[in-house]
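Taking it in order: structure first as C-alpha cells, then the write-up.
No lab work stands behind these numbers, since they all come straight from the coordinates. Note that this is a predicted model, so its numbers are computed, not measured. Backbone-built Cβ (ideal geometry, glycine too); neighbour counts: all protein chains shown.
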Amino acid sequence: MQSKKWPIFKELAYDISDPKRLARVARVCEDFGVRVQYSVFECRLEETEFTDFWLRLLEEIRVDQDRIVACKIDARCAKEAEPNAKDGPVEER
C-alpha cells in the first residue's frame, strides 16, 4: 500500500537589503504562501512545490547581501501553535 504524501508546512522568513529585490521576493512568496508578518510567510506545499518555490527565491536574491530561511513545522507543532485570535488555528489557514 502506498503511503499518502502530506503537504509540508513551512514557515519562511527573509531579510532582503535592496527594495527592488525585496518586492520581487515578496511577490514570489505571495504565489506560494500566506503572509503572517511583514517578511514572514506560512506555506503548505508538496516537496516538489517547495523545491520550485526555493529555486525561484534563490533566483531573486543576492546570497552575499540577503538572507532567507525556511523552517519545517511538523503536524504536532503546527497544532500547538498559538496565533492571535483573529487568525485562528494554523491548521485552518
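For the stretch 39-75, a tally of residues being closer than 15 Å to residue 16 by Cβ and among the hydroxyl-bearing types (Ser, Thr, Tyr) returns 1. The C-beta contact set for the stretch 41-63 (first residue in contact (Cβ under 8 Å) with a residue 12 or more places away in the chain and among the β-branched types (Val, Ile, Thr), second residue in a helix (DSSP H, G or I) and buried (at least 20 other Cβ atoms within 10 Å of the Cβ), distance under 7 angstrom, 6+ apart or interchain) comprises 61/25.
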